[in-house]
1. Taking neighbour Cβ counts within 10 Å as the exposure measure, how do HIS107, HIS22 sort from fewest upward?
2. Report the label-to-label distance for ALA106 and ALA62 in nanometres (one decimal), using points 7 Å from each Cα along the Cα→Cβ vector.
3. Specify which labelled value, from [x] 3, 14, 24, 24, 17, 11, 5, 2, 0, 0; [y] 2, 11, 19, 26, 23, 13, 5, 1; [z] 2, 13, 19, 21, 16, 11, 8, 5, 2, 1, 0, agrees with P(r) over Cα pairs in 5 Å bins from 0, in percent derived from the coordinates of the model shown.
4. With a cut-off of 18 Å, note down the residues of region 24-68 whose backbone N falls inside the zone around a label point 7 Å from the Cα of THR90 toward its beta carbon.
5. Sort TYR18, TYR41 by Cβ crowding within 10 Å, fewest neighbours at the top.
6. Taking 7 Å along the Cα-to-C-beta vector as the label spot, tell me the ARG3-LEU21 distance in nanometres, rounded to one decimal.
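Readers should treat all values here as calculations from the given coordinates under stated rules, not as data from a laboratory. Here the structure is a predicted model, which means the values were calculated and not measured. Here the Cβ positions follow ideal geometry from the backbone for every residue, glycine too, while neighbour counts run over all protein chains shown.
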Amino acid sequence: MQRFATVIRLKPEMQAEYRALHEAVWPAVLERIRACHISNYSIFLKDGLLFGYFEYLGIDWAADSARMAADDATQRWWALTRPCQEPLDTREPDEWWASMVEVFHAH
């Protein structure tokens, strides 16, 4: 299992819309998350920052993340959620949500 943590800004004026969207995530989006071997996906909000955490249970992250990105329902979902977000300047060129480095983990 691989654990991933990511961060992005939430535009203040979009907070209510973003939260409302996530109160009713589309079943097709949730199914794609599961089909791509992602588990325990959580998003937290603090001081305008969204912190995402998930566990990847598959064997080919590049292939599964590409399948997710190519999915029609996921693309339509992102078309609604991306306008709510503001990527960090320090993210990698191919990232929307910036990857975080794990500095501690207790088993």
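1. On the way: HIS107 2, HIS22 13.
Least to most surrounded, the residues fall as HIS107, HIS22.
2. With each label point 7 Å from Cα toward Cβ, the separation is 3.7 nm.
3. Identified label for the calculated read-out: [y].
4. Correct set: 46-53.
5. On the way: TYR18 19, TYR41 15.
Fewest to most other Cβ atoms nearby, the residues stand as TYR41, TYR18.
6. Reported label-point gap for ARG3 and LEU21 is 2.7 nm.
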